[in-house]
Amino acid sequence: MSAQGMDETQARAAEAARSRFVERFAAQLLDAGMTRMPARVFAALLASDSGALTSAELGKQLQVSPAAVSGAVRYLTQQHMVTRERDPGTRRDLFRVHSNQWYEALGSRDSVMKRWEDALREGVESLGADTPAGRRIAETLAFFEFVQVELAALMERWREHRKTLGLD
């Protein structure tokens, strides 16, 4: 077999391995509650060498329509899991997953959790802390307050750990 033939074979094998990873990891995200197309798009971006693909590239790789890609990246950008950038010198958008995407996604939950805490606090006050529902809501509030404090500390530890790994 020629060197060119081996390169083509290796390229096909690498692409097959990438596709298997994308589908396996997307299935795990699906099991965790993410919808199918955003899970597949996120996994494809994560598995790409550049971490960025155009809508057309995502559609071709995942064998889906532009509309499916569009809906998926809209969801992922809202969740702070990917960003939209302009492909330099073109009118095409690039969708990028960053090395710190988990940090960004978790960090963006801070405002959401604060709103939940406010609503839960209001629920305890309106239903009464001494009622069964009020006690249940108060426990839920206590949980989110606990998670909020722990998450802040965890994120700080992660930033320090990233430095030890040479990722900063």
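The values are calculated or read from the model by the stated rules, or taken from the named source; none is laboratory data. Since the model is a prediction, treat every value here as computed from it, not as a measurement. Glycine gets a Cβ as well: all are built from the backbone with ideal geometry, and neighbour counts include every protein chain shown. Remember, those area values only see protein heavy atoms, side chains included, never the ligands or the DNA or RNA. Shrake-Rupley method; radii C 1.70, N 1.55, O 1.52, S 1.80 Å.
Some points to look at:
- Selection from segment 101-111 of residues that are within 11 Å of the chain's Cα centre (by Cα), open to solvent by 40 Å² or more (accessible area, probe 1.4 Å) and touching a residue at least 24 places away in the same chain (Cβ under 8 Å): Y103, E104, L106
- Taking the criterion of being open to solvent by less than 70 Å² (accessible area, probe 1.4 Å) and either at pLDDT 95 or above or over 18 Å from K60 (Cβ atoms) (or both), the residues of segment 3-13 that qualify are G5, T9, A13.
- Only one entry in R121, R115 is exposed (fewer than 14 other Cβ atoms within 10 Å of the Cβ) and either under 24 Å from F21 (Cβ atoms) or charged (D, E, K, R) (or both), namely R115.
- Among the residues making up segment 72-84, those that are loosely packed, with under 15 Cβ neighbours inside 10 Å and at pLDDT 90 or above are R74, T77, R84.
- Residue match in segment 73-96 (condition: touching a Gly at 6+ places or on another chain (Cβ under 6 Å) and without any contact (Cβ under 8 Å) to a residue 60 or more places away in the chain): yes
- Residue within segment 95-109 that is outside any strand (DSSP E or B) and either at pLDDT 85 or above or closer than 23 Å to A11 by Cβ (or both) present: yes
- Answer residue from segment 132-149, given it is open to solvent by 40 Å² or more (accessible area, probe 1.4 Å) and more than 27 Å from Q79 (Cα to Cα) and is nearest to the chain's Cα centre (by Cα) among those: R136
- The C-beta contact set for segment 138-149 (first residue in a helix (DSSP H, G or I), second residue aromatic (F, W, Y), distance under 8 angstrom, 6+ apart or interchain) comprises F144/W116.
- Among residues of segment 44-57 being in a helix (DSSP H, G or I) and touching a residue at least 40 places away in the same chain (Cβ under 8 Å), the one that is nearest to W158 (Cα to Cα) is L46.
Yes/no matrix, rows are residues, columns are (1) in contact with a helix residue (DSSP H, G or I) (Cβ under 6 Å, 6 or more places away or on another chain); (2) part of a loop (DSSP other than H, G, I, E, B); (3) open to solvent by 60 Å² or more (accessible area, probe 1.4 Å); (4) free of Cβ contacts under 8 Å to residues at least 24 places away in the same chain:
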| residue | (1), (2), (3), (4) |
| --- | --- |
| E15 | no, no, yes, yes |
| R24 | no, no, yes, yes |
| M34 | no, yes, no, yes |
| G59 | yes, no, no, yes |
| V64 | no, yes, no, no |
| A68 | yes, no, no, no |
